[in-house]
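Any read-out appearing in this document is the output of simple, stated calculations on the displayed coordinates, not a laboratory observation. This structure is a prediction, so every number in the text was calculated from the model and none was measured. Note that we place each Cβ from the backbone using ideal geometry, even for glycine, and neighbour counts take in every protein chain shown.
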Amino acid sequence: MVSWKNTFEILIRERDLVNKKKQALDSLLSSGRISKSTYDYINEEISGTLKDIEDLTAKVQEKMKARLDDLEKQKELLERFIASLELYHAAEEIDEISYEKQREALNLGLESTTSEISEISEALLKLSPKEQESAPQESVAQYEEYQPETSEVESGEAEATIEGGIY
């Protein structure tokens, strides 16, 4: 498992747990089962924990966005290699066996890269629920460009499609 995945899962779990505690605390106060001073004391602790989680989330998001940038560059290179390979094959400058092996390897690399881009994009959306709620279409649109475009590659009509980053 990629290291960001472990951190991501822990952050989501902890954030959800603290939010449940906050809701329970609010409920206890509104039902009169705890005093305002007790509420304030516990709420301060919960708020501090939430702040720590938000700070860590921001750091993790930065690293994930940097990884996305690296993967996008990797994807662009793989697409260029595939286009170049297709040109060599069309010009009959490469034998069929070599072409098939290289095409398979490059397609596997592109598929794996595209898959990780999708995973990270989805994880970033989950880490940003406030942004997602306020502008869901915009957030989704930002990361949709990372969806795989393997149909061009698989059909043999590879074209080096170079997309700009989301930053």
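Quick notes on this structure:
- For segment 29-103, the list of GluC sites (Glu not before Pro) that fall in a loop by DSSP and count at most 16 other C-beta atoms within 10 angstrom reads 92, 93.
- For the residue pairs 21/65; 51/75; 73/101; 20/75; 20/59; 21/63, the C-alpha atoms sit more than 32 angstrom apart in 51/75; 20/75.
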